[in-house]
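Heads up, the thing below is written out as structure tokens.
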Amino acid sequence: MKLLYSKASPYSSKVRMAAHLCGFELDCVVTDTAAEGADLVENNPVGKIPTLVLDSGEALFDSRVICEYLDRASGNLLIPQTLEAWTRTKRVEALADGMTEAAIATLYEVRYRPEEKRHQPWVDKQWRRAHRALDALEREVAQLPAEPNLAHFAVASDLGWLQLRYPGSFETRNPALAVWFERFFADNPVYEPMRPQG
Ligand SMILES: N[C@@H](CCC(=O)N[C@@H](CS)C(=O)NCC(=O)O)C(=O)O
């Protein structure tokens, strides 16, 4: 299976960690979304990464869909199946990814919009959203099991991206989350090379 990805992408990081746990080796191809190259847009009309191209040639996109696929294909090694554990796992994933979506939007505002067209109230709203999600995650991570699953990968990847792009943005405000984040990689060093990198 081929993964179109970038080293900095939090959603790609989550997928790579998930594939590792599920025992799948991915052929990871660095992909620049800004270039809108044929390999990306022909496989994923939405033009985003991560995009997974299956051995059949069929493509899957959106990291949540890809992770669902990896879970099914591995006989549920990634997502716990009891209703209670499934609910927690998927809620934590949605919280972590939602936090990142808001923070990425603020980055794109600066990266892609000329200064005179930026709208600060909208940026402030994204940060309020991200901070609420981080506060919720601070409570949620205490309930996660010791063995890593999809929830761990989502939180570790999304916090890794936040630390990369907005250093110091959660470590003081959310100390328990910061401790959890450090401990995750200390306890699971195999995932360290897959965290978002600049
Ligand atoms: N919901 C999607 C989000 C994917 C996403 O936003 N990826 C970013 C990179 S981290 C991207 O492709 N951005 C390029 C763009 O928006 O043009 C997922 O979970 O895969």
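Within the set Lys14, Lys2, Lys7, the sole residue that is in contact with a Phe, Trp or Tyr (Cβ under 9 Å, 6 or more places away or on another chain) and charged (D, E, K, R) turns out to be Lys14.
So that you can scan it fast, the table gives a plain yes or no per residue for (1) open to solvent by less than 50 Å² (accessible area, probe 1.4 Å); (2) of a type in the set (A, V, I, L, M, F, W, C):
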{"residue": "Lys117", "(1), (2)": "no, no"}
{"residue": "Ala130", "(1), (2)": "yes, yes"}
{"residue": "Glu138", "(1), (2)": "yes, no"}
{"residue": "Ala142", "(1), (2)": "no, yes"}
{"residue": "Asn149", "(1), (2)": "yes, no"}
{"residue": "Leu164", "(1), (2)": "no, yes"}
{"residue": "Pro167", "(1), (2)": "no, no"}
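Considering each residue of segment 58-66 in turn, none proves to be assigned by TED's automatic domain parsing to the domain that holds Ala133, acidic (Asp, Glu) and under 27 Å from Lys125 (Cβ atoms). A Cβ distance below 9 Å, combined with a sequence gap of six or more or placement on separate chains, defines the contacts here; from segment 90-115, residues that are open to solvent by 30 Å² or more (accessible area, probe 1.4 Å) reach no residue that is in a helix (DSSP H, G or I) and at pLDDT below 95.
Conditions (1) outside the structural domain of Val141 (by TED's automatic domain parsing); (2) over 29 Å from Ala130 (Cβ atoms); (3) touching a Pro at 6+ places or on another chain (Cβ under 9 Å), marked per residue:
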position: Phe24; (1), (2), (3): yes, yes, no
position: Leu52; (1), (2), (3): yes, no, no
position: Ser56; (1), (2), (3): yes, yes, no
position: Met99; (1), (2), (3): no, no, no
position: Ala102; (1), (2), (3): no, no, no
position: Tyr108; (1), (2), (3): no, no, no
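Criterion first (closer than 20 Å to Pro193 by Cα, assigned to a helix (DSSP H, G or I) and among the aromatic types (Phe, Trp, Tyr)) does Trp127 satisfy it? The answer is no for Trp127. Annotation: of all residues in segment 10-37 being within 11 Å of the ligand (Cβ to nearest atom) and open to solvent by less than 10 Å² (accessible area, probe 1.4 Å), the one that is nearest to Glu93 (Cα to Cα) is Lys14. The set of residues in segment 68-79 that are closer than 25 Å to Trp161 by Cβ and open to solvent by 40 Å² or more (accessible area, probe 1.4 Å) comprises Glu68, Tyr69, Leu77. Among the residues of segment 134-186, those identified as of a type in the set (A, V, I, L, M, F, W, C) and either outside any helix (DSSP H, G or I) or more than 17 Å from the chain's Cα centre (by Cα) (or both) are Ala142, Leu144, Ala146, Phe170, Ala176, Val179, Ala186.
The set of residues in segment 54-71 being away from the ligand (no atom under 12 Å from the Cβ) and under 19 Å from Ser13 (Cα atoms) consists of Leu54, Ala59, Tyr69, Leu70, Asp71.
The values are calculated or read from the model by the stated rules, or taken from the named source; none is laboratory data. Fair warning: this is a prediction, and the values are worked out from it, not measured in the lab. Glycine gets a Cβ as well: all are built from the backbone with ideal geometry, and neighbour counts include every protein chain shown. Protein only, heavy atoms only, side chains kept; ligands, DNA and RNA dropped before computing areas. Shrake-Rupley method; radii C 1.70, N 1.55, O 1.52, S 1.80 Å.
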